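Written below as structure tokens is the structure these notes are about.
Every read-out reported here was derived from the displayed coordinates using simple, explicitly stated rules and does not represent laboratory data. What you are looking at is a predicted structure, and each value in this text was computed from that prediction instead of being measured. So basically every Cβ, Gly included, is an ideal-geometry build from the backbone, and we count neighbours across all protein chains shown.
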Amino acid sequence: MTKSLKIRILTGALFVTVLGAIHWVPGTTPYATTLSALTLIAGLYLLLLALLTRSASSNGEQKLPYLDTESQRSETDTVDTIKPAISPPDTTFIDAEILNFLGLLQEKGRFVDFAMGDITKFDDAQVGAAARVVHQGCARFIKEAFAIESVFEGEEGSAIDLPPDYRPEEYRLVGKVGGEAPFSGKVLHKGWKATDVRLPHLISATPRDPKRLVIAPAEVELS
Amino acid sequence: MDKVFSLGIDLGTSNSAAAMSSEGEDSPSICENTQILGSNLVGAHRTLASALYIPHSTEFAAGSIQLPWSRDSEDQIIGNFARDHGAQVPERLVTSAKSWLCNPHIDRKAATLPWNSTITETRVSPFETSQRLLRHVKESVCYSASRENPDWNWESGHIILTVPASFDEVARSLTHEAAEEAGLGRVTLLEEPQAAFYAWLAHCGNSWRRQVGAGDSVLVCDVGGGTADFSLISVSEEAGSLTLERISVGEHILLGGDNMDLALAYVVRSQLEADGKSLDAWQYLSLIHGARSAKERLFADPSLEDAPIAIPSRGSGLFAGAITTRLSRDTLQQITVEGFLPLTSISDQPAERTSVGLQEFGLAYESDPVLSKHLARFLTRSLTNVRSNPGLCKRLSPHLSDDDTFLRPTAVLFNGGVFDAAPLRERVLQLLSSWSDGRPVRELESAQRDLAVARGAAYYGASQLSGEGIRIKAGTARSYYIGLEASMPAIPGFKPPVKALCVVPQGMEEGSETRLASQEFGLLTGQTVGFRFFSSSVRAGDKVGHVLDDAERDLKETSRLEINLPPLEGRPPGDVVPVHLQGLITELGTLELWMHHTRSNQKWKVEFKVRTE
């Protein structure tokens, strides 16, 4: 983000605040419509600036601004900005791997065909047949790619005591969440966790055409 | 270089695996096989399908079939993706190369595979295919091992490569040569059923002595995807300790779990067709997979009455085109248990393969799918083999009676993924017991039957390195003979029988040699001289120098032998040189034949030549 852009956004925000505050001043009621219009214009201006900021950041296509260490450094030199605590990883790489995973679910269990097909015009028997295809293929693939266990080993519906050092990523609390641990509650869903991941990986993480990511190729029979 | 680890490689007909045993480790660990799993996709599996796919040059984008250890794109795909994708492009897929490698009717170094493919530019030989599979296994092992330990070195490994017990000497030496050309170095060969037995020893530790005792004959019953391989190992006691000896091996039987899946799919398809649902070729392929899954589920859970099979549509319209059906337990029982392992009698054996006038040329698939009959034939031949040898008779004497017609196993060790199904194991035990007047036959508990051969091979290698651990006495599984033209007056219309001279007896151990000093041959110099070469797996009694009157009747022709001697110094070509024959089993388990000049120290190696008809 450039310095001038920041100053313009700050000015805009100040303007909106002032306009908003005027509403509360007694005697300004007759000018309410004008004030609202001004507020609207200021708001649109801000929105436009915000959009400009976003497109400026995505100009680099592959490199996101927070990964661009050089611009980050120049920023720190000039303006005292808030640095991101964690730098998120390269999303092109992650996206490609996730699409690849989706492709595998499609190849092994026709997952995309199932989700993309129009389900409304078919009766339950046909949907059931398709579901069996998806279940047969996806179950086999998932069991091959991960070692999956339930988080909570007992029966759903049974009581549980969570100690103070319970892991929030393993147990999600709902209902009256308050007070101090240990918490007593009832297990609604036993949860799932992978104890081993054996996924295949991409040979090249850079897609040939990032705009057209192929999940499953069209199949053509030659005779 | 000092060997610090042993590596067992199971180059299977359908699937391959590798296991490693490092110094100081108790049990061998499985090496994962890194392989291409799709376009632009690489991953690892415990097994590697023994399949080679040769893609068209435009079929995959540049760089999308590249293995992590190679700098360039591959022009081939090996492994599970090759098998799955190739099923839809059969003319570019090579499978069962190992069965081709022991097919005596083709030149195994000639580019003949994929068999019957019309795409000729991609053909490879069975030998070349084995070599490429082995190179892949090596590179995958090196890749993962050196990522864990940068100092890891292939050269410091003792490499054990398993071969079917039914492989004859030509197939064994081709395998050995393929391994060497693939860069594996000098590998030691081990029979697969023996490797499975070593895996059982490794699994039991010291407790194996409590599970078998003197007098036991253990049948190793190894049924993989495409082949069945049998061996018998006898347990006896010498000087207070138990000894193991492999006393007979079976023939190469092209019959396995894949045949069961195909039979199930065939029946299910005809049920569907009766309901007016037709399947295209692609849907039939997925039906085979579905039938296999349903079979595994029903076998694993005896409480299920049937299991669903879902067949996807070829196109993306899943709701309109998916077909489902069910495999019932009755059908499963009828097709697999009763179809492949019925309770037949011991005298009911598969018909000898007769040579019909015209036959489609290809792999010698069994015409009789009944495994029970093949097992009966094996046990009957085993007794013939033992009876021919006084030493073996003595070893087994307390447990043999004169009116026996077959060798009775007292225990069975199951191997191969097929026997993960408890009902099939029970049926084999029931069958054997019915042949032994109802006397029960024990099952030796086996684990991970699809990986046991690789594990057992690594265990065997490690025990060779340390010099500790029990060894199965084995030696050559067959005796070998050279054909001699009988000298008798010619009679019109009568072909004189070919006599055969035993040059290597059965049971000859690694690192030993025989020399036939009594027999002197005249060898023509300056031109290639050929001999016919025969073998037998049921003549344990024949000693070196033994002559058989009719080789074609009593023996199996294995290959041709060829030797080309340069003329001796100062002598004209065409001179006849007197030689002695020497047979030698190397430390690595391969057979070599040498001709020794009787009057000097000169000697020449005789080469196996595959028969081309």
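The table below lists the values:
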item	result
Alpha-carbon Rg/Rh ratio, for the range B:419-469, with Rh computed the Kirkwood way	1.18
Karplus-derived 3J(HN,Hα), 6.51/-1.76/1.60, for each residue of the range A:180-194, Hz, glycine and proline x	10, 5, x, 9, 10, x, 10, 7, 8, 9, 6, x, 10, 9, 9
Distance in nm between pseudo-label sites at B:Ser207 and A:Glu219 (7 Å out along the Cβ direction from Cα)	4.8
Rounded to whole Å, sorted largest first: equivalent-ellipsoid semi-axes of chain B, Cα gyration tensor	40, 31, 27
Spread of Cα-to-Cα distances over 5 Å intervals beginning at zero, given as percent, for the range B:510-613	2, 11, 18, 23, 21, 14, 7, 2, 1, 0
Partner chain coverage, peptide A:105-113 - average Cβ within 10 angstrom	3
Scattering profile of the range B:243-349 at q = 0.10, 0.20 Å⁻¹ [log10 I(q)/I(0), Debye over alpha-carbon scatterers]	-0.38, -1.05
Distance histogram in 10 Å bins (all Cα pairs of the range B:367-411, percent per bin)	26, 51, 18, 5
Packing-based ranking, highest mean first, of B:587-598, B:435-446, B:74-85 given that Cβ atoms within 10 Å are counted	B:74-85, B:587-598, B:435-446
Reciprocal mean inverse distance between Cα atoms of the range B:1-91 - Kirkwood radius, Å	14.5
For B:376-388, mean number of other protein chain Cβ atoms within 10 Å	0
Extension gain from B:Glu513 to B:Thr598, taking 0.36 nm per residue of separation minus the Cα-Cα distance	28.9 nm
Estimated D of the range B:386-508 in µm² per second, where Rh is the Kirkwood radius over Cα pairs and Stokes-Einstein applies at 25 °C, 0.890 mPa s	128
Quotient of C-alpha Rg and 2.2 N^0.38 Å, computed over the range B:167-210	1.57
Value of D in µm² per second that Stokes-Einstein yields for the range B:38-152, Kirkwood Rh from Cα pairs, at 10 °C (1.306 mPa s)	106
Local electrostatic count at B:Pro423 - Lys and Arg +1, Asp and Glu -1, tallied over other residues with Cβ under 14 Å	-2
Residue-by-residue Karplus 3J(HN,Hα) for the range B:516-532, coefficients 6.51, -1.76, 1.60, Hz, glycine and proline x	9, 6, 6, 9, 10, 10, x, 10, 6, 9, x, 8, 6, 10, x, 10, 8
Kirkwood Rh in Å, taken over all unlike Cα pairs in the range B:445-572	18.2
Whole-number D in µm² s⁻¹ for the range B:273-325, Kirkwood Cα-pair radius fed into Stokes-Einstein, 4 °C, 1.567 mPa s	108
Kirkwood Rh (inverse of mean 1/r, distinct Cα pairs), the range B:188-321, angstrom	18.6
Inter-label distance for B:Val4 and B:Ser466, nm, one decimal - labels placed 7 Å from Cα along Cα-to-Cβ	1.7
